[in-house]
Amino acid sequence: MSSEKTAAGGTATGGTATAGPAAAVTAAPGAAEPAADFQTAFWSAKHALALASAAAFSRHGVHEGQQFILRRLWAQDGQTPGEIAKALGLATSTVTRAATRMEVAGLLRREPHESDRRLVRLRLTERGRALEAAIDREMDQLTERALASFGPAERTAVVRALQDIKRNLAG
C-alpha cells in the first residue's frame, strides 16, 4: 500500500487517514480548518454577546464595558483608573476615557487623590450606586441567555476553556 502526506501533517494509507500533530481530527475534503472554525465561532459569539450587552446596558444609560468598571467601584469605591485598569487587564487610558464618559453620564465623579496630585480617585454618584442591582440582573440574564442550552457541567467547562484560552494567549 502507498502512503501519502495529508495537508494536516498525517498520513493516508489506502484511504484511511491518521492525524498528524497539526490536526486532532481528519477533516473531509473541502471542510474548514479547525483553526478557522474556532476563530469564526469565537468572533461570532463575542460579537453576539457585545450586541446583547449593549442593548441590555443601554436601557440604564451604561455603555457596554462600563459595567465592569462599575462592578469594581461597587466592590471598592474610590479606586484610581490605574487600579481598575490593572484589575481588568486594560490600559489606564482606556479606563480614563470610559470614566470621562461615565462622569458626563452622572455615574461617577473624580476626586483628587489625597497624597498624589497627579492621580484621581473615581467615586460613584448616587445614580451609579443605584444601578448595581439592575446591572447585576442584566448580567445574570445575559449569562443565562448565552448558556441556556448548557447543563451545569458544560457551563463549568465553557468558563474553564475561556480561562485557558486567555492564559494561552497571555504568555
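Simple spin-label estimate for Asp140 and Glu154 gives 2.3 nm between the two label positions (7 Å along the Cα-to-Cβ direction from each Cα). With R₀ set to 22 Å, the beta-carbon distance separating Glu111 from Glu64 gives a calculated FRET efficiency near 0.25. Positive contributions from Lys and Arg (+1) and negative ones from Asp and Glu (-1), summed over other residues with Cβ under 15 Å from the Cβ of Ala170, come out at +2. Each Lys or Arg adds one and each Asp or Glu takes one away; over the other residues whose Cβ falls under 12 Å from the Cβ of Ser53, this sums to +1. Computed from the C-beta positions of Asp37 and Leu119 and an R0 of 35 Å, the FRET efficiency is 0.15 to the nearest 0.05.
What is the sum of charges, Lys and Arg at +1 and Asp and Glu at -1, for the other residues whose Cβ falls under 12 Å from the Cβ of Met139? Around Met139, the surrounding residues sum to -3. Loop-located trypsin sites (Lys or Arg not before Pro) in segment 50-88 (DSSP state other than H, G, I, E, B) with a sparse environment of at most 13 neighbouring Cβ atoms within 10 Å: Arg59. Name the shape class, rounded, prolate or oblate, that the alpha-carbon gyration tensor gives for segment 34-170, where a ≥ b ≥ c are the square roots of its eigenvalues, rounded holds for a/c under 1.5, and otherwise prolate holds if a/b is larger than b/c and oblate otherwise. It is prolate, given that a/c is not under 1.5 and a/b is the larger ratio.
The order of His47, His113, going from fewest to most other C-beta atoms within 10 Å of their C-beta, is His47, His113.
Among Glu114, Glu103, Glu138, sorting on how many other beta-carbon atoms sit within 10 Å of each Cβ, with the fewest leading, yields Glu114, Glu103, Glu138.
Laboratory data are not the source of any read-out in this text; all were calculated from the coordinates shown. Predicted model only: the values in this text are computed from it and were never measured. Cβ: placed from backbone, ideal geometry, glycine included. Neighbour counts: every protein chain shown.
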